[in-house]
Amino acid sequence: MCGIIGYIGKRDALPILLEGLRCMEYRGYDSAGVAVISKNAVTCVRAKGRVALLKEKCLTETLEGAVGIGHTRWATHGEPNERNAHPQRDCMGDVFIAHNGIIENHQPLKDHLIKKGHKFLSETDTEVISHLIEEYDKKEKDFPKAVRLALKDFHGAFGIVVLSRKHPGVLVAARFGSPLILGIGKEEYVVASDANAVLPVTNRVIYLNDGDMATLSGSAYEISDFRNGGGTQKRKKTTIEWTSSAAELGGYPHFMLKEIMGQPQSLRDTMRGRLLSHEGTVKFGGLEPFEKRMRALQHITLAAMGTASFTCLIGEYAIEELAGIPAKREIGSEFAFRSSTVNAESALLAVSQSGETADTLNAIREAKRRGALTLGIVNVVGSTMAREVDGGIYNHVGPEIAVASTKATTSQALLQIMLALYLGRLRGMVSRSEGQAIVAEMQRLPKHVEKILKSKERIKVLAKKYKKCEDFFLLGRKYNVSAALEGALKLKECAYAHAEGCSTTELKHGPISLIVPNLPSIVVVPRDALYEKNKSSVEELKARKGPVIAITTEGNKELEKIADAVLYIPKTLEMLTPILAIIPMQLLAYYLAVERGNDVDKPRNLAKSVTVE
Ligand code: AGP
């Protein structure tokens, strides 16, 4: 939530800041701003709305200078308007700050500063940071020290970049709970919430840790821990392997469509080098040191939020089915409230695209406190989660830019089944030949997805037909409850339609009273052990005049006589079915969003990475 960036070097800061903000816009997009030091003044430009509007506004201002900061906002405190946009400033217009996170104790600090004569201009929690730095700067005259002292007074989560007109040769950045990456160029530094914003300048980076404060001048950098007197910290430099072109549209009208269509490849990338066909198992380098502990596991909790948590419903079933370990999905934010049995004989598996979701991170930290082994399925390399879990598995699907997750979703689901197979083989629950058969089916998935994607024009037609419907049901059973919940979330976030996902049988226990002729249901009815029961549910919906779009197995023509439309997915193992069934739902949500004129990649009120609780 919110993207921040700072640059100090020899080049003009403005284009670097604007390009960085454009790359990070998925993190929040209700307002944006930049502040640049030129000569002895700071010029700050802010705009309500998108970075493109800010860019236009900047054309009318003189913003020349090699030191600057920028921000793209997802509002927490104060409505989205220009006054509440960042950078926020102090009384004198000397100190400017871009902040990602929440200062929980901003009110008492603000009251204290108001008593001292400070004048506040916004409703944000952030503004208190600039005023407090101003206060310390009066006494200290050492800008980094003033920042450090101020940071020690805050409770909450923050990533900040701060500059001062009085100290034009220094930029200070710090993090506690919000991600921050320092890019190290040749006599230039860039610091940002996301690696994609750093890449246009350099691919040599340091992932800052909680408590780290980076003091940057044009020719040097120093990292210290602001919590303990500011002693210098050594941090490892890493080279980012991907290029910023991975975050380009590549001819597609939207990132969401590009990412949906890219799933054959992203699934291949997820499996690459990990499937051991002959052994009928899976290899995860990051888990090897924990083999002994995993053999003895008594329980696994799967923790995640949103889409990622729906994929955990697949992991839950698969781990129990293949590895015989009791497994339970837990909404990340609720895990800490449960007096669960998680202990040293348990593992917590966190699943997250961004690796920065605050609620999932809290679950990891709580599980650690209880002595559990912590594992993670994470897409963003170097993210906080990737660094905090004991054993990590990367998705390897590259940057996912659209706010609505698609390629990370199918990869998360597949990795959980791969993990279940790995555990099943490790614990002797799955024979080599059974494992070989599962691996072979996994290898067929990309081709299956390619086939489903060919039906996109049909789905486009369905989107036109149902574009006026305000409510939808999405239904499935067993593994496909996950697909139903995820399909419903896609319709809500992209098409702004009210959609409910649940088990097909659950419908009869109440929700069926809502079925009317303009409330379509999308029902996953594969030709599996539950087929006859699911087919009956379709009949029940039709008996009440509810339109039905059925998603069934190729070759099963029977449903064409009952349902209003039938979409086909290739035959696969039951546990792999939701990975295929979700694809038509993703496409339907996409085309409905387009039909309704919605901002597909940046739906209203959302941010891709939810870094506050
Ligand atoms: C996905 O479409 C959503 N935007 C959202 O539910 C997301 O999956 C959730 O916020 C979790 O994010 P994470 O995977 O980065 O932890």
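The values are calculated or read from the model by the stated rules, or taken from the named source; none is laboratory data. This structure is a prediction, so every number in the text was calculated from the model and none was measured. Here the Cβ positions follow ideal geometry from the backbone for every residue, glycine too, while neighbour counts run over all protein chains shown. The protein model used for the area step is the full one, side chains on, heavy atoms only, and it has no ligands, DNA or RNA in it. Shrake-Rupley method; radii C 1.70, N 1.55, O 1.52, S 1.80 Å.
The strands (runs of 3 or more DSSP E) found entirely in region 9-92 that carry 2 or more residues being open to solvent by 30 Å² or more (accessible area, probe 1.4 Å) are 41-48. Applying the criterion of being in a loop (DSSP other than H, G, I, E, B) and surrounded by 24 or more Cβ atoms within 10 Å (Cβ to Cβ) to the residues of region 155-186, the residue that is modelled with the highest pLDDT is L180. Taking residues in region 223-239 that are closer than 25 Å to V381 by Cα, and partners anywhere that are part of a loop (DSSP other than H, G, I, E, B) and open to solvent by 40 Å² or more (accessible area, probe 1.4 Å), the pairs with Cβ atoms closer than 7 Å and at least 6 places apart or on different chains are I223/Q233; I223/R235; S224/Q233; D225/Q233; T239/N203.
No other residue among K478, K447, K454 is open to solvent by 10 Å² or more (accessible area, probe 1.4 Å) and free of Cβ contacts under 8 Å to residues at least 24 places away in the same chain apart from K454.
Exactly one residue among V524, V548 is open to solvent by less than 10 Å² (accessible area, probe 1.4 Å), at pLDDT 95 or above and touching an Asp or Glu at 6+ places or on another chain (Cβ under 6 Å), and that residue is V548. Residues that are open to solvent by 50 Å² or more (accessible area, probe 1.4 Å), assigned to a strand (DSSP E or B) and of a type outside the set (K, R) within region 326-345 comprise just one, I331. Can Y189 be described as open to solvent by 10 Å² or more (accessible area, probe 1.4 Å), under 15 Å from I8 (Cβ atoms) and among the hydroxyl-bearing types (S, T, Y)? The answer is yes for Y189.
Just one of the listed residues (K557, K492, K460) is under 24 Å from R604 (Cβ atoms), open to solvent by 30 Å² or more (accessible area, probe 1.4 Å) and without any contact (Cβ under 8 Å) to a residue 12 or more places away in the chain, and it is K492. Taking first residues from region 131-150 that are among the acidic types (D, E) and partners that are in a helix (DSSP H, G or I), the Cβ contacts under 8 Å between residues at least 6 apart in sequence or on separate chains come to E135/L113; E135/A150; D137/F143; D137/A146; E140/A146; E140/L149. Checked against the criterion of being among the hydroxyl-bearing types (S, T, Y) and open to solvent by 10 Å² or more (accessible area, probe 1.4 Å), region 192-201 contains not a single residue that satisfies it.
Checking each residue in region 527-545 for being open to solvent by 10 Å² or more (accessible area, probe 1.4 Å), under 27 Å from L573 (Cβ atoms) and in contact with a helix residue (DSSP H, G or I) (Cβ under 8 Å, 6 or more places away or on another chain) picks out D528, A529, K533, K535.
Evaluated against (1) within 16 Å of the ligand (Cβ to nearest atom); (2) out of contact with any Gly (no Cβ under 6 Å at 6 or more places or on another chain), P326 falls short on exactly one condition, (1).
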